[in-house]
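S.K.: Dumping the structure here so I can ask a few things about it.
Every number in this text was worked out from the coordinates using simple rules, so none of it is lab data. None of the values given here were measured: they were computed from a predicted structure. Cβ: placed from backbone, ideal geometry, glycine included. Neighbour counts: every protein chain shown.
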């Protein structure tokens, strides 16, 4: 069964005769007759009663006409997915949790305004989980720390980011003796930031009294403000926390540089995905 056969069939039903359908389809009547016969043969039944020069739709033909119209409409809609400047489709976007607070909200709004026909699902996960989901085709695009070095993945720079230490203002300096009396609030082990901060602490022979994983940066800040410990947070979140007279920030220098990247499956950068990346990369 071909779409062209369905179009010829629907035209005959709508215009009542072979001749009228042929005029509408800009072809000779014999072509219409041939297509209808081919369609009936493929279906194994008659679509019309024939009486001299007139055709009358059979009961099954009337039902088939409804279904054929739906099929043609769906085919037309499917073709429109690839037409025009607005991208369409379904995109699964994953990102580090803090980037959905600092870097991405206004940019996602830009994406919705410029590409309203595209369906976008957004979720937050840790960096290692995002990589696994990309490889398993559960995500189309991830915003995570990088650069990514993986044979199945490709990446490009997205946003500048750095890690900073958030300390109680009452603590004069961060040394081994001081940190040994304090808790340290940090990322889960499935986040590559955790490895970076663990290495930074080890290189300076700093060991906190206790290391706690917290998935809430506001909870981290509250604990620091209460004088219980020190937190490592992305610098882009500082405008949401500071100014606060009871908190201070310690920069980690080059060791804290943790820029974010757009990451996708290698060799699968479609036009739609390229458009999304370009929109998200624009200044908010």
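S.K.: How much mean residue ellipticity at 222 nm does the chain get from its helices, if each DSSP H run of length 4 or more adds -39500 (n - 2.57) and you divide by all residues, to the nearest 500 deg cm²/dmol?
M.R.: -12500 deg cm²/dmol
S.K.: Determine, for 188, 155, the number of other Cβ atoms within 10 Å of each Cβ, and report the residues in order from fewest to most.
M.R.: Details: 188 14, 155 18.
The order, fewest Cβ neighbours first, is 188, 155.
S.K.: For segment 3-80, what is the convex hull (Cα atoms) projected area averaged across all directions, in square nanometres?
M.R.: In nm², the orientation-averaged hull projection of segment 3-80 is 5.0.
S.K.: Taking 8 Å as the Cα distance limit and 6 or more residues as the minimum spacing, I'd like the relative contact order of segment 3-80 as a percentage. Could the numbers behind the result be given before it?
M.R.: Details: 66 pairs, mean separation 22.8, N = 78.
Averaging sequence separation for qualifying contacts and normalising by length gives 29 percent for segment 3-80.
S.K.: Here's another thing I want to ask about it. Which of 101, 143, 230 moves most in a GNM of the chain, Cα contacts under 10 Å?
M.R.: In the Gaussian network model the winner is 101.
S.K.: Give the order of 278, 149 when sorted by the count of other beta carbons within 10 angstrom, beginning with the fewest. Can you show the working numbers first?
M.R.: Numbers: 278 12, 149 7.
Going from sparsest to densest Cβ surroundings: 149, 278.
S.K.: Please order 254, 70 by the number of other Cβ within 10 Å, starting at the fewest. It would help to have the intermediate numbers written out before the result.
M.R.: Working: 254 7, 70 10.
So the residues, fewest neighbours to most, are 254, 70.
S.K.: Helix 29-43 sits at what angle to the longest principal axis of the chain, using alpha carbons and giving 0 to 90 degrees rounded to 10?
M.R.: 60
S.K.: Using only Cα atoms and rounding to the nearest 10 degrees, what angle (0 to 90) does helix 3-15 make with the longest principal axis of the chain?
M.R.: That helix lies at roughly 50 degrees to the long axis.
S.K.: Still on this structure: Find, to one decimal place in angstroms, the Kirkwood hydrodynamic radius of segment 163-256, where the mean of 1/r is taken over every pair of different Cα atoms and then inverted.
M.R.: 13.1
S.K.: Could I ask something else about it? Report Rg(Cα)/(2.2 N^0.38 Å) for the chain, keeping two decimals.
M.R.: With N residues counted in the chain, Rg over 2.2 N^0.38 Å equals 1.65.
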